[in-house]
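Visitor: One structure is given below, represented as structure tokens, and several questions about it will come after.
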Amino acid sequence: MRHQSILEYARFRWLKGALLLSVASAAVYIWHDPPLKPYGGTWLGYTLGTIGALLILWLVWFGVRKRRYATRLGTAQGWLSAHVYLGTALLVVATLHTGFELGWNVHTLAYVVMCLVVFSGFYGVYIYATVPHLMTANRGEDTLDGMLMQVADLDKEIREKALSLPDQILKVVNSSLDGTRIGGSFLRVYTGRDAGCPTAKAVRDLPEVGKRLSGDTAKLNHEVYTLLLQKNEILQRARRDIRFKARLDLWLYFHVPLSIALLATLSAHVISVFLYW
Amino acid sequence: MKLLVITQSRNRAGRTVQVKKEVNADWIRVGRAASSEVLLADPRVALNQGLILDRDGPVYTEGEVGNLTSTTKRAVRSVRLNPGSAVDVGPYRITVLDTPEGYSGAITVELVRPQEDVAPEFMARANKLTLRSLHLPKRWVALGLFAIIAVVFFLLPAGRVLDLPWKGEQSIAMASDRFWNPGPVMLAHQPIELKCEACHEEAFVQVKDGSCLECHQKIGHHVGQDMQPAALFQGTRCAECHRDHKGVKTTHRDDDRFCVECHKDVRGRANGAQSQNVSDFEKDHPAFRLSIPVDKGVKRVRMGSGPIEESSNLIFPHEVHLDPKGVRHPDKDKVKLDCAACHQPDASKRTFEPVTMQKHCQECHRLEFEPAVTKRQVPHGLPGDAITVVNEFYANLALNGVKDSFEKAFGVPGEGLLRRVGQPSDAQRQNALALAGKKASQVSEELFEVRVCRTCHAVLKQDGPDGKPVWNVAKIRANNTWMPHARFDHKSHAQSKCADCHDVAKSKRSQDVAMPKVESCRECHAGSQPSEKKVTSNCLLCHGFHEQQHPWDPGFKPKGKTRVAQGAAGDR
């Protein structure tokens, strides 16, 4: 079965729904003849505001729904598709609700935070549309755990073989065995690089150091070098893998807190408006 | 090929456990994939790690073997599985046993490097691989943002209205409640912009009309409140038309929509409405109504339904006064008059000062009663005052007059009684009194009925209580404000000539009304929709919504300044 993106879920059902909502809102907005000028306090303003607020609550509820594996209310795929498209339609509904009246106040803050949430969501959609392919291609048949174990296995093999090599080489090899790390800091995880990786350094240095060797030692050195090359290749793939995972995750560190902040600004906006009705 | 696969492992007690399995296939797959015949379930093994093929005996091969048209990508390693030999496949070791009867071969598969054995120190250096494992805060950031926003943008400012512990702490609330202000208030409201409670008196209750009326005390209702149509506006809040915080210029929209909503069928809406339906100044506006003073009060007459005459009781032909050749002047030769000679803008420049006898007429129309002798004039105003002045003048002349004046005035030889030599006799005194009285009556009659008053006024001679005649001068009802509720500004029309709207050059009678028709206005003014070379004009350009009382209210009394001249002949 062909892979179906959440964007085309159920023959673009939610795209159609979102378009319908947006076009209908825009049409009523154009037809509407407010007492002074369009803003959130006309009957249309209240209507769009109510739709927008309910949409926001429903969109935030997705964070709960996606963890409810047992529920039979729609599929997770359908929910995500609706989340994406209705979140986009929210941009139209809320913009029309403002009547393009913006200022330095809590009302505009709510609008701006909402836009940030929606745009971070767009970025998430983009990430989820592009990164998984790359991730799969990078992993091949392996898993991250598998890669790490392969590295560990290689380490063991290298350690055994390198024991009888000259000290100078052993030092280089040992630094790879004892100092190589993956992840551990945000920068290393997010960039997928480790500028001072001892294994990469060993791979660079070993041919030069090994030039003077001969006989069995040279052969052994060559074997160790081959293993280090393999280790380095696996390390690079593993680092790319955690980088892809980090990219899949990072936008949520904005999307989710901003969504919660949006709940606060939205409440402040709604309550203050009616407090000073 | 028929292969016996013995999977060997150790149970918890450390005892060796063997599982035997017979595999019968041409290609025997070795790998992590579940479909592999020789399953090596360890992440360090590839899904399809290798194959065991029959090449005159079992051969283990790994890597891509390729075919005739493609090269291999990876090196191929092939190991012939001879009994007694062993192959390491990842952490597993495949040991070849002696071939049993009926089989092509037999192997033992054993995990020789279990996962837990593997380099724990490297695993320790590779345990923080995800953002979550780095403890990148998501929940705390969310809760922190929520709290900051709730406090700064809600709880602090709410202290101004809600009973919170910091209620009354102006500095706290003021610092942040401007964040609640949705937009600038109109200029006139700016002094109270930061005083939210001036309008928003009660929390969660819409702004009440009382807040508006506290300052706008004199704002008029659109129709009299005791009128039935007031019910049309029942429950209508000020804020339904007036929205503040929408910019500094205005709180309402200046278009016709609200007016037309009712006035397109005003008689259907309100029984007894006297105004006519209107929907647009250019396309659908009735003829103007003029307010004209009559015997009692003012009547309103719609133009176009027949000739309209003003009954000012004044005799005044515009034509004569605007004669291009000029009008006679008592001292000069001839004077040319223009409109501004009599109609001078008032201080507001919107309308005109009332025309008065003293300022505008008397320079030519002098009230001299004995020009042969004196330039004195009778006072303008009450007829009795004028008669008194005349009587006194001739009495004095009869008493004190020098010979020249005496003879010119009375037409008989002589001089004032007191100027004659010797004591006047009774007969002489009676004579002088009679002379003065007769002359005064004659001059008065001439003054009122022929020469002076009659020029401009309707004069009626009556017998007074003492038998002497009195003259009644008809009260002047000169109109000054024809459309008292139209917001017409003469100043903003100053580029036009007076005659463009008021055609009086040929008017011979004061009864002629020279107010422009709606068609004249339409020469320059379009309706609510823009029209080429015309001024777009909505209702509110000329009409006010909040008049003190609406003109069609029967209780309405037009209140133009000096509309009707007061006094017997007007004070002017």
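Visitor: Give me a single rounded figure for A:248-260: the average over its residues of other chain Cβ atoms within 10 Å of their Cβ.
Guide: Whole-number average of other-chain Cβ neighbours for A:248-260 is 4.
Visitor: Out of the stretch B:365-415, which trypsin sites (Lys or Arg not before Pro) are coil in DSSP terms and have no more than 14 other C-beta atoms within 10 Å?
Guide: B:LYS375, B:ARG376
Visitor: OK, next. Multiply the residue separation of B:ALA341 and B:ASP56 by 0.36 nm, subtract the distance between their alpha-carbon atoms, and state the gained length in nm to one decimal.
Guide: Difference between extended and current length: 89.0 nm.
Visitor: Sort the stretch A:16-67 into rounded, prolate or oblate with this rule: let a ≥ b ≥ c be the square roots of the eigenvalues of the Cα gyration tensor; rounded if a/c is under 1.5, and if a/c is not under 1.5, prolate when a/b is larger than b/c, oblate otherwise.
Guide: Oblate, because a/c is 1.5 or more while a/b does not exceed b/c.
Visitor: Just to confirm my numbers, what's the Cα centroid distance between the stretch B:379-397 and the stretch B:418-442 in Å?
Guide: 18
Visitor: Can I ask one more? Set the Förster radius R0 to 25 Å, insert the Cβ-Cβ distance between A:GLU223 and B:ALA33 as r into 1/(1 + (r/R0)^6), and round the FRET efficiency to 0.05.
Guide: After rounding, the FRET efficiency stands at 0.30.
Visitor: Taking 7 Å along the Cα-to-C-beta vector as the label spot, tell me the B:CYS498-A:ARG193 distance in nanometres, rounded to one decimal.
Guide: My value for the distance between the label points is 9.0 nm.
Visitor: Taking the Cβ of A:ARG188 as the centre, find all other residues whose Cβ is under 10 Å away and add up their charges (Lys, Arg: +1; Asp, Glu: -1).
Guide: Combined, the nearby Lys, Arg, Asp and Glu give +4.
Visitor: Any chance you could run the full-extension gain for B:GLN362 through B:GLU121? It's 0.36 nm times the residue separation minus the Cα-Cα distance, nm to one decimal.
Guide: 74.6 nm
Visitor: So, R0 is 51 Å and r is the distance between the beta-carbons of B:ASP209 and B:SER311; what FRET efficiency does that work out to, to 0.05?
Guide: Once rounded, the FRET efficiency stands at 0.70.
Visitor: Averaged across the residues of A:187-194, what count of C-beta atoms belonging to other chains lies within 10 Å of each residue's C-beta?
Guide: Counting other chains' Cβ atoms within 10 Å and averaging over A:187-194 gives 2.
Visitor: Continuing with this model, one more query. Using the per-residue mean of other Cβ atoms lying within 10 Å as a proxy for protection, in what order, highest first, do the peptides B:334-346, B:124-136 fall?
Guide: Top to bottom by mean Cβ count within 10 Å: B:124-136, B:334-346.
Visitor: Give B:LYS208/B:LYS249; A:LYS156/B:LYS128; B:LYS299/B:LYS517; B:LYS208/B:LYS264 a once-over and call out the pairs whose C-alpha atoms are over 27 Å from each other.
Guide: Beyond 27 Å: B:LYS208/B:LYS264.
Visitor: Under a Cβ-only charge scheme (Lys and Arg +1, Asp and Glu -1), can you give me the dipole magnitude of the stretch B:412-517 about the Cα centre, in debye to the nearest 20?
Guide: The dipole of the stretch B:412-517 has a size of about 220 debye.
Visitor: Averaged over peptide B:146-153, how many Cβ atoms belonging to another chain are found within 10 Å of each residue's Cβ?
Guide: Partner-chain Cβ atoms within 10 Å, mean over residues of B:146-153: 6.
Visitor: Sticking with the crude label model, points 7 Å out along Cα→Cβ, report the distance from A:VAL64 to B:SER531 in nm, one decimal please.
Guide: If labels sit at A:VAL64 and B:SER531, their model points lie 6.2 nm apart.
Visitor: Ordered by packing density, taken as the mean number of other Cβ atoms within 10 Å over each peptide's residues, highest first, how do B:432-438, B:138-144 rank?
Guide: B:432-438, B:138-144
Visitor: If you take the charge dipole of the protein assembly as shown about its Cα centre, with +1 on Lys and Arg Cβ and -1 on Asp and Glu Cβ, which of A:TRP104, B:VAL79, B:ILE94 is farthest toward its positive end?
Guide: B:VAL79
Visitor: Select from A:TYR39, A:TYR253, A:TYR29 the residue whose mean-square fluctuation is largest in a Gaussian network model of chain A (Cα-Cα springs shorter than 10 Å).
Guide: Top of the fluctuation ranking is A:TYR253.
Visitor: What FRET efficiency, computed as 1/(1 + (r/R0)^6) with R0 = 60 Å and r the Cβ-Cβ distance, is obtained for B:GLU353 and B:GLN423, rounded to the nearest 0.05?
Guide: E(calc), rounded to 0.05, equals 0.60.
Visitor: Roughly speaking, what is the stretch gain from B:THR374 to B:ARG328, that is 0.36 nm per residue apart minus the C-alpha to C-alpha distance, in nm to one decimal?
Guide: 14.5 nm
Visitor: Would you calculate the separation in nanometres between label points at B:VAL17 and B:PHE258, each defined as 7 Å from the Cα along the Cα-to-beta-carbon direction?
Guide: Here the modelled spin labels are 8.8 nm apart.
Every number here is computed from the coordinates shown, using simple stated rules; none is lab data. Owing to the predicted nature of the structure, the values given are computational and were not obtained by experimental measurement. Positions of Cβ are backbone-derived with ideal geometry, glycine not excepted, and every protein chain shown enters the neighbour counts.
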